[in-house]
Amino acid sequence: MALYHFHVTQIKRSEGRTAVASAAYRAGEKLHNLWDGETHDYTKKGGVILTEILLPEHAPARFSDRYTLWNEVEQVEKNYNAQLAYSFDLALQNEFSLEENIALARAFIQKHFVADGMICDFAVHQPDREEGGIPNPHFHVLVPIRPLKADGTWGAKQRRVYHLDKDGNRIKKENGQWAFDAVPTTNWGKSETLEQWRAAWADMVNAKFQEKGISCHIDHRSYVDQGLDLIPTVHEGPHIRKMEKKGIRTEKGELNRWIKATNRMIRSMRATIAALKEWILEAKEMLKEPLKEPQEIYLAQLLSEAHTMRNQTAMTYARGKTKAKKNNLKRFMDACNYLSRQGVLTLSDFEKHLSSVDEKVESSKSSMNQKQQRLKELQQLLEDAKTYGELKPIADEMKKEKYRFAKAREKYKAEHEGELRRFYMTKRKLKEKGFDKELFPLKAWQKEFSELSAQREAEYQEYKLIQKELTLLYQIKGDVDRVLRETHPDLMHSHQVKAQEAAL
């Protein structure tokens, strides 16, 4: 069965991802990230058939080395939330040989990526399939988002196009900053470009089908664009129906069972969307005030579109697709339920809420770090006080009359050199911390340590909940950004410009 899968994501630090880790995973290698000091070892990963880096003519030869390339990408991006790379994931065809698939993938990358100045880290995977499953050969392409200039140095991702008055002079905003639009220096992130790439890949695969005389065809268009409502079942034929009637489970039978179950889920999903829209209307009524934005972007529709997109790119064999569809529906329901509880209606509401959660996380981390530091100090004080108490009798012994003569004292010191050294070092440390008296406040330290430990544990549990919430929010944000990028580029551009102006 011909497969079409062409998925693009961004590797972002804001999602806890790094380009070095992504490259190591796709290549099945061990790479060290100089940016954060982490080492990523995927040498035991199976199914990696081929890896290579394809360079445009103006790229330095050193970028042929994966470690050098992706560490430079990490180093050149200074922001904590930088967008590092585009990650492409494309399905290969089981109707072609491995050599034919590799040649087709390489030709596509050279023509549409490398020729446009993109550095491409190319990897072909053919993972082991489960018994009875359909083989899933595919290839990955990892591309730095920041382009290279003609001289081989890294260029800018965006350039500023300033607003000008009728005389050609720059216009200032109310805050005194120059008004401008942030314009990408490449077209790689545009929805139109992605659509061209998707169509080009389908055309190349279909041409190969025709060349080999195979009656298969793939279509890059969405089911909606193809005029499909829900998912049609496949024709089984009398032979398949006879086998199914005897209890022999067939691939087509499994597929149709999945399709029927999926259609039930889709109908359920539509009912959920309708309920969510009612919730939005009720929430608007409760606000009792007009929305500030002339055109609000409602999350219900955006999440529905994102759900549809994920379903369209799910694995196409029966068992895997059923699991993927169920996971997609759960993801959609979790997002809707969460937003409903939080009263987040629109994209602007979402951004404000995301910012507030970010602040909670940072505040929680800061508070826990402070408590942890104080706990370390208290622990050290308690340990020093214990050491002082254990070794003090040895130091006091030397003050006795029998050690008043130098010879006897030196002999004693030699016999207890280690203990005495530890005692005086501990005494000096306690004195430096303001505790030069022997009656140390041990009970106060122990009480403070117990209280801080309990508070830290409570904050940690709360932090884990906030972290889960933040993970969900970034997942929702990723879905929203994808929909805006692919189906509402005008709104996405407007939203990005507003975010940049707010940052100024």
Restricting attention to the range 162-209, the residues that are assigned to a helix (DSSP H, G or I), among the small types (Gly, Ala, Ser) and in contact with a helix residue (DSSP H, G or I) (Cβ under 8 Å, 6 or more places away or on another chain) number exactly 2
Among the candidates 123, 61, 115, 91, residue that is surrounded by fewer than 17 Cβ atoms within 10 Å (Cβ to Cβ), more than 17 Å from residue 18 (Cα to Cα), in contact (Cβ under 8 Å) with a residue 40 or more places away in the chain and of a type in the set (Gly, Ala, Ser) | 115
Enumeration of residues in the range 35-53 that are free of Cβ contacts under 8 Å to residues at least 24 places away in the same chain and over 22 Å from residue 16 (Cβ atoms) | 43, 44
Quick one: count up the residues across the range 23-53 that are open to solvent by 40 Å² or more (accessible area, probe 1.4 Å), within 24 Å of residue 78 (Cα to Cα) and not polar (S, T, N, Q).
-> 8
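Give 374, 456 a once-over and let me know the one that is within 30 Å of residue 80 (Cβ to Cβ), surrounded by 13 or more Cβ atoms within 10 Å (Cβ to Cβ) and at pLDDT 80 or above. Write out each step before concluding.
Numbers: 456 fails: at pLDDT 80 or above.
Only one candidate passes the filter, namely 374.
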Can you name the residue in the range 73-83 that is open to solvent by less than 50 Å² (accessible area, probe 1.4 Å) and in a helix (DSSP H, G or I) and, of all such residues, is nearest to residue 208 (Cα to Cα)?
-> 73
(1) open to solvent by 60 Å² or more (accessible area, probe 1.4 Å); (2) assigned to a strand (DSSP E or B): which one isn't true of residue 86, the others all being true?
-> (1)
Every residue from the range 387-440 that is surrounded by fewer than 13 Cβ atoms within 10 Å (Cβ to Cβ) and in a loop (DSSP other than H, G, I, E, B) | 399, 400, 404, 405, 433, 434, 436, 437, 438, 439
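The values are calculated or read from the model by the stated rules, or taken from the named source; none is laboratory data. A quick note: this is a predicted structure, and the numbers were derived from the prediction, not measured. Here Cβ is always computed from backbone atoms with ideal geometry, including for glycine, and neighbour counts include all displayed protein chains. For the accessible areas, the whole protein counts, side chains as well, though only heavy atoms, and no ligand, DNA or RNA atoms are used. Shrake-Rupley method; radii C 1.70, N 1.55, O 1.52, S 1.80 Å.
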